[in-house]
Amino acid sequence: MTITFNPLELPDSLSSLRREVRDFLNEVDRDWSGWKVGHSWTGFDRDFTRAVAERGWIGMTWPRRYGGGERSHLERFVVVEEMLAAGAPLGAHWFGDRQSGPLLLRLGTEQQRERFLPAIARGEASFCIGLSEPNAGSDLASLKARATPADGGWRLNGAKIWTTNGHLCDFMIGLFRTGGGEDKARHQGLSQFLIDMQSSGINVRPIRDLTGEAHFNEIFFDDVFVPADMLVGQEGDGWRQATSELAFERSQPDRFMSCFPVLPELIDEIRAVRGDDRLARREIGHTVADLIILREMSLSVLGELAEGQAPAQEAALVKDLGNTHEQTYPNLVNGLLDAPATIDTGNRLSELQGILTQTVPSFSLRGGTREILRGIIAKGLGLK
Amino acid sequence: MNDEMNIGELLADQVDKLFSREVTRERLIAVEQGRFDTGLWQNLDDMGICLALAPESAGGVGLTWQEAEPALRIAGSWAAPVPLAETMVAAWAMGHAGMDLPGAPMAVAGEVFQLGENSPDSGVRVSGASAVTPWITVCDHLLVLARNDRESRLCLLHRHDITVEDIETIARLPGGRVDVANAEPLASAVLPNTLSSALGELGLLPLLACVRTVQMAGLIDRLLELCVDYGNTREQFGRPIGRFQAIQHMIADLAGQSAAARVAGLYACRQIDKGAIEQGATVAKARIGPAATRGAEIAHQVFGAIGFTDEHILHYYSRRLWQWRSEAGSEHWWAERLGQQVLARGGSALWPSITDPKPTTVE
């Protein structure tokens, strides 16, 4: 077991890009309510996504011939962290930019790349991810939704669940069973498909969550036809394909900055109503120190990824620490302010606190629960 | 990997070999009884590591702090019972101030002392006090930073010229409370402006906080290693306890703390190299405290009653963690300082202060 976190220094040359993103956000920022900002990267706003696309900030690292910007992972990091710091609604391009696009770039056919990557980069194709099922959550390999060969392609049957923004997206990359499934071969016989969400036989049922809103969905597949050329990568290799990008998914700032926008509001409110006494200083100081170290860790994993490493352990550690960090924010606010127990519409801090208090439990569930991550970490440490 | 090893890693490797061979329980006990480990110090001196951070102009190796971090961390991980970190800090600062190095172990006071109004007849005079100065009871030399209205000076004092009162600490390492009344230093030098502004108002304290953080990161690494090993070997209910999910998750939690701790220590070192000394120490010491607390808590839970005994090695690590958590400013003290700065700047300045901290360079 070796856990490695080599430092990665962001070069000064990125400061002009950072300024560009800040200027851009200052222009669009004004109309967002605290409630909306609280949705952070899951917030779905196609207009915003198109504006981001116009700046060339979706698919930044992809080749130009697929609509990308051929920019570095560090440049993308700067854009992403600036967006997250502002609580920008990234949901309409987030999954395509972070997951589906890179997957297609790596394993997609030329035709798939040409069709989908430029559309994602233009902000016109929104992607969702179909993994969990009603009876396969943390135990993902037990999934049952099946793809069976049909004339000219495949027929999909079964159900996916907890698909964030599935009701709003254009395409899904879904994991389906094409074989295997017996006890010894649970991770075999899984395949990934590109699915047009307008296909006949797809029934999307939004699931109202505890906030009263519907962000995720249950999606039923009733003999849905998928053309043969919409298989992604190798038939039967879906498990490896779907999990190999997890180091990226689990280590980036969205895993510790989901609540960040409440922090500046909290700071200003403390200054306005109570003065910066020692308790406030200490609590805020601890939170900021924790955040800075998480950012260093995230950059470090990015450096490894950019060099072609697959730091799965390190990424799992960042997500576990990061989720724990971001989940402390609502209680931090409560501990430092005697705010009324109401959600005051129009009051940014109050709205943020209202939504975040309700959503933080999901942070250590989405993208791998804390328990799954700790299992991965323990195994990596050599605990048998 | 070997041909990729830089000088810092080579040094760390040597330190690891030395300490893994030499730091026995008996020697840890001897030092806690107040004896200086002359033999171990001689080994280190021969290796040249005490001068690793000192600039070449002072006869040192001139490593950056980032390069020296692995050796310091490894030394920490073995609970090295010598004032290596303090001596390295002193050699770095003195070397940059153009002072000759005494070639002996040195203690360092974190507090800023007062500099008398030196005149041609009286020479330089120093006064002040330090509540906890590790190693001063067994070292001849104490480095302090002293200030008056006009200048800041590094002053090397001899133990015979100061009052040292024994103290008890959780680590039980040699150390004392220091009182200095108008003492004449063995040597002193005005701090160069760049070093003075890089150190800031806290003087040498951030450097001590940095090395404590790095040492603590080493200790937490050691706790992790011990816990993994114990988890795989200790059997209860007919299987290794590391097979129980409850134990696995605790150790995974410890792994997270160890990783954060290491990143914090390295962050502090990198900030010194960039001239943002206080920024690095502040963030690192504020973060390492919770990591040490949680880390020690988990290790003791994993080891059960045997880990609570005097006979077991664990307490030599956990007691140092509890001690060092409080030394050179506790995590709460540093967090308060950081929080004060953040609150003073206001909400909109928070994010820019994280992405673009403003450093000064030390020459």
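A few points about this structure:
- Scanning the range A:238-257 for residues that are within 30 Å of A:ASN6 (Cα to Cα), away from every other protein chain (no Cβ under 13 Å) and part of a loop (DSSP other than H, G, I, E, B) turns up at least one hit.
- Condition check for B:TRP65: touching a Lys or Arg at 6+ places or on another chain (Cβ under 9 Å), among the hydrophobic types (A, V, I, L, M, F, W, C), closer than 24 Å to B:PRO174 by Cα and touching a residue at least 40 places away in the same chain (Cβ under 8 Å): no
- Taken together, the residues in the range A:189-229 that are in a strand (DSSP E or B) and either touching a Gly at 6+ places or on another chain (Cβ under 7 Å) or free of Cβ contacts under 8 Å to residues at least 60 places away in the same chain (or both) amount to 24.
- A:ASP338 vs. criteria within 30 Å of B:GLU336 (Cα to Cα), within 14 Å of another protein chain (Cβ to nearest Cβ) and of a type in the set (Asp, Glu): no
- Residues being closer than 28 Å to A:THR369 by Cα and touching a helix residue (DSSP H, G or I) at 6+ places or on another chain (Cβ under 8 Å) are entirely absent from the range A:144-163.
- Restricting the range B:337-348 to residues that are aliphatic (A, V, I, L, M) and in contact with a helix residue (DSSP H, G or I) (Cβ under 8 Å, 6 or more places away or on another chain), the residue that is farthest from A:GLY275 (Cα to Cα): B:LEU338
- Where a residue in the range A:1-25 is more than 21 Å from A:VAL301 (Cβ to Cβ) and within 9 Å of chain B (Cβ to nearest Cβ) and its partner, wherever it lies, is among the β-branched types (Val, Ile, Thr) and in a helix (DSSP H, G or I), with Cβ under 8 Å and at least six apart: none
- Residue check for B:SER77: in contact with a helix residue (DSSP H, G or I) (Cβ under 8 Å, 6 or more places away or on another chain) and closer than 22 Å to B:ALA198 by Cβ: no
- Selection status of A:ILE355, of a type in the set (Val, Ile, Thr), at the interface with chain B (Cβ under 9 Å from one of its Cβ atoms) and not in a loop (DSSP other than H, G, I, E, B): no
- Among the residues of the range B:171-218, those that are touching a Ser or Thr at 6+ places or on another chain (Cβ under 8 Å) and assigned to a loop (DSSP other than H, G, I, E, B) comprise B:PRO174, B:LEU191, B:GLY203.
- Filter result for B:ARG345 (surrounded by fewer than 18 Cβ atoms within 10 Å (Cβ to Cβ), within 14 Å of chain A (Cβ to nearest Cβ) and over 25 Å from A:LEU383 (Cα atoms)): yes
- Once the range A:27-65 is narrowed to residues that are closer than 30 Å to A:PRO361 by Cα and among the polar types (S, T, N, Q), the residue that is farthest from the chain's Cα centre (by Cα) is A:SER33.
- Residue count for the range A:252-309, restricted to those that are buried (at least 21 other Cβ atoms within 10 Å of the Cβ), among the small types (Gly, Ala, Ser) and within 21 Å of the chain's Cα centre (by Cα): 3
- Of the helices (runs of 4 or more DSSP H) that lie entirely inside the range A:14-98, those containing 3 or more residues that are charged (D, E, K, R) span A:15-28, A:46-54, A:73-86.
- The listed residue being under 22 Å from B:CYS269 (Cα atoms), of a type outside the set (Phe, Trp, Tyr) and buried (at least 18 other Cβ atoms within 10 Å of the Cβ), out of B:PRO174, B:PRO83, B:PRO185: B:PRO83
- Residues in the range B:299-336 that are in contact with a helix residue (DSSP H, G or I) (Cβ under 7 Å, 6 or more places away or on another chain), within 14 Å of chain A (Cβ to nearest Cβ) and part of a helix (DSSP H, G or I): B:ALA299, B:VAL302, B:ARG325, B:GLU331, B:HIS332, B:TRP334, B:ALA335, B:GLU336.
- Of the residues making up the range A:314-321, none is in contact with a Leu (Cβ under 7 Å, 6 or more places away or on another chain), at pLDDT below 95 and part of a helix (DSSP H, G or I).
- Of all the listed residues (B:TRP78, B:TRP92, B:TRP41), the sole one being within 24 Å of B:ASN148 (Cα to Cα), touching a residue at least 12 places away in the same chain (Cβ under 8 Å) and aromatic (Phe, Trp, Tyr) is B:TRP92.
- Within the option set B:GLY339, B:GLY256, B:GLY295, being crowded, with 21+ Cβ neighbours inside 10 Å, more than 9 Å from every other protein chain (Cβ to nearest Cβ) and either among the β-branched types (Val, Ile, Thr) or under 25 Å from the mean Cα position of the chain (by Cα) (or both) holds for one residue only, B:GLY295.
- Scanning the range A:358-372 for residues that are part of a loop (DSSP other than H, G, I, E, B) and touching a residue at least 40 places away in the same chain (Cβ under 8 Å) turns up A:SER364, A:ARG366, A:GLY367, A:GLY368, A:THR369.
- Test for A:ASP31: is it away from chain B (no Cβ under 14 Å) and surrounded by 14 or more Cβ atoms within 10 Å (Cβ to Cβ): no
- Filtered residues of the range A:135-164 (kept if exposed (fewer than 14 other Cβ atoms within 10 Å of the Cβ) and under 18 Å from A:ARG205 (Cβ atoms)): A:ASN135
The values are calculated or read from the model by the stated rules, or taken from the named source; none is laboratory data. No experiment lies behind these values; they were computed from the predicted model shown. For neighbour counting, all protein chains shown are included, and Cβ atoms are generated from backbone atoms with ideal geometry for every residue, glycine included.
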